[in-house]
Amino acid sequence: MNRHLKTAFFIAPLLAIAGYIGAGYFISSKQADETYGQLQLAGSCLPTENACVFISPAVELKLISNEQQGQQQLALITTQPVKHLTLGMAEAFTDNKQPFRQFQMMKSDDNKYWQIKLQPNDIIAKYKHIRIAFSYQGKGYFAESEVRF
């Protein structure tokens, strides 16, 4: 083994470490903030089994559903107080042309509990696709998933 190869084996790991640190140092704050917008679904979205949880580094959202007075209800619980929460549902998951129905939301005083306001003839069990959007600390967050009631 000549001295050039020995030097390369010694310098290559140091250059890799320096590149890793340099990349973390030079990333802009705007690029870092973009990762907070999308919430990731943990598992399947089954609100009737309390198994629909959306996660991001800053806030977590859980959908719960149960039947009250013969009508299926849907509520959202967040770990942090959020603002301007909107929820839309569509009957088909695969058809992008399917219109989403926007539901009016009722909220608690601490902005951590939100519930959809249903009309007497509303049946939410027929919906198969859900979209949620809200703001937290001035940043927009959104989630989209297939849902089964």
What nm distance separates the two modelled labels at Ala58 and Phe142, each placed 7 Å from Cα along Cα→Cβ? 1.6 nm
Between Gln73 and Leu41, the FRET efficiency computed from the C-beta separation at R0 = 22 Å comes out, to the nearest 0.05, as 0.60
With every protein chain present, what is the per residue accessible area of the chain (1.4 Å probe, Å²)? 66 Å²
Between (1) 65, 31, 29; (2) 83, 33, 29; (3) 132, 21, 14, which matches Cα extents along the principal axes in Å calculated for the structure shown? (2)
Tensor-based shape of the range 51-119 (alpha-carbon gyration tensor, a/c under 1.5 rounded, otherwise prolate or oblate): oblate
Which percent of the accessible area of the chain is formed by carbon and sulfur heavy atoms (probe 1.4 angstrom)? 54 percent
With -39,500 (n - 2.57) per DSSP H segment of 4 or more residues and division by the full residue count of the chain, the 222 nm estimate, nearest 500 deg cm²/dmol, is -6500 deg cm²/dmol
Considering lysine pairs in the chain that are 8 or more places apart or on different chains, how many have Cα atoms under 24 Å apart? 22
For the chain, what is the relative contact order in percent, using Cα pairs closer than 8 Å and at least 6 residues apart in sequence? 21 percent
Where nothing but the Cβ of Lys and Arg (+1) and of Asp and Glu (-1) is charged, how large is the charge dipole of the range 39-101 around its Cα centre, in debye to the nearest 20? 220 debye
Among Gln72, Pro99, Phe10, flag the residue with its Cα farthest along the positive direction of the charge dipole of the chain, charges on Cβ as +1 for Lys/Arg and -1 for Asp/Glu. Phe10
What does the charge dipole of the range 65-149 about its Cα centre add up to, to the nearest 20 debye, if the Cβ of each Lys and Arg holds +1 and the Cβ of each Asp and Glu holds -1? 180 debye
Once the Cα atoms of helix 3-26 and of the chain are each reduced to a long axis, what angle between those two axes, in degrees from 0 to 90 to the nearest 10, is obtained? 30 degrees
Which peptide among 51-59, 131-139 comes first, and what is the full order, when sorted by highest mean count of other Cβ atoms within 10 Å? 51-59, 131-139
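The values are calculated or read from the model by the stated rules, or taken from the named source; none is laboratory data. Everything quoted here is computed from the prediction, not taken from an experiment. Note: ideal-geometry Cβ built from the backbone for every residue, glycine included; neighbour counts use all protein chains shown. For accessibility, only protein heavy atoms count, side chains too; no ligands or nucleic acids. Shrake-Rupley method; radii C 1.70, N 1.55, O 1.52, S 1.80 Å.
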